[in-house]
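What follows is calculated from the coordinates using simple rules that are stated; it is not laboratory data. These numbers were taken from a predicted model, which means no experiment stands behind them. So basically every Cβ, Gly included, is an ideal-geometry build from the backbone, and we count neighbours across all protein chains shown.
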């Protein structure tokens, strides 16, 4: 019994040491600003980065854990200009350049690539080649720098209607410009994070209001030294 217990602890420590976490914490549900920390296991690697989130703050999204939501707290919906709260897998890096040297699946954003935000489409919340039949979508190759390099967030993977689509970590438009629901930062910061991410370390995004800190610490005790989660 003791031997099995020690094996379990050893496996847990090994898993924690290999897991990559992007932690984004906002002071409250309404703020369009937040801060980000990077962790590999319990080691903090990128300091604290100021990021922009949704114009209307945060709303509860659909991720890989059912975190505790109070009755009066908002959900994330399509077009609400809220960034999703939750724990989400990070699946791909995308960008304007055909060449890359990342340890994650990479998607070159050609001019025909779109992300579908039409809830009634069978391709809702998917990045596809444009076929001319989609009523509402985002172009992944934009005329500006915001999608020059980005990271895809696996929010609402079941494509539940109107619960939000096309969530990314991307380059910010301007210093304090909020987003339509994504999380944005400087290009150089995105480059550093994208170069660090490794698909074999199963990277995730944890994005929460400060009020959910205690619950996250219970789920991810390796974040115990996070400045963002302290009371």
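Calculated on the Cα set of the chain, radius of gyration then Dmax: 17.7, 62 Å. Label zone of residue 70 (point 7 Å out along Cα→Cβ, amide N under 16 Å): in segment 196-224 this covers 208-216. Would you work out if segment 116-231 is rounded, prolate or oblate? Take a ≥ b ≥ c from the square roots of the eigenvalues of the alpha-carbon gyration tensor; rounded if a/c is under 1.5, else prolate when a/b is larger than b/c, oblate otherwise. Because a/c hits 1.5 or more and a/b exceeds b/c, segment 116-231 counts as prolate. Rounded to whole Å, the principal axis extents of the Cα atoms in segment 59-111 read 47, 23, 9, largest first.
A simple spin-label model places pseudo-atoms 7 Å from Cα toward Cβ; at residue 30 and residue 202 they are separated by 3.9 nm. When every Cα-Cα distance of segment 188-230 is counted in 5 angstrom steps from zero, the calculated P(r) takes the values 5, 18, 23, 19, 20, 14, 1 percent.
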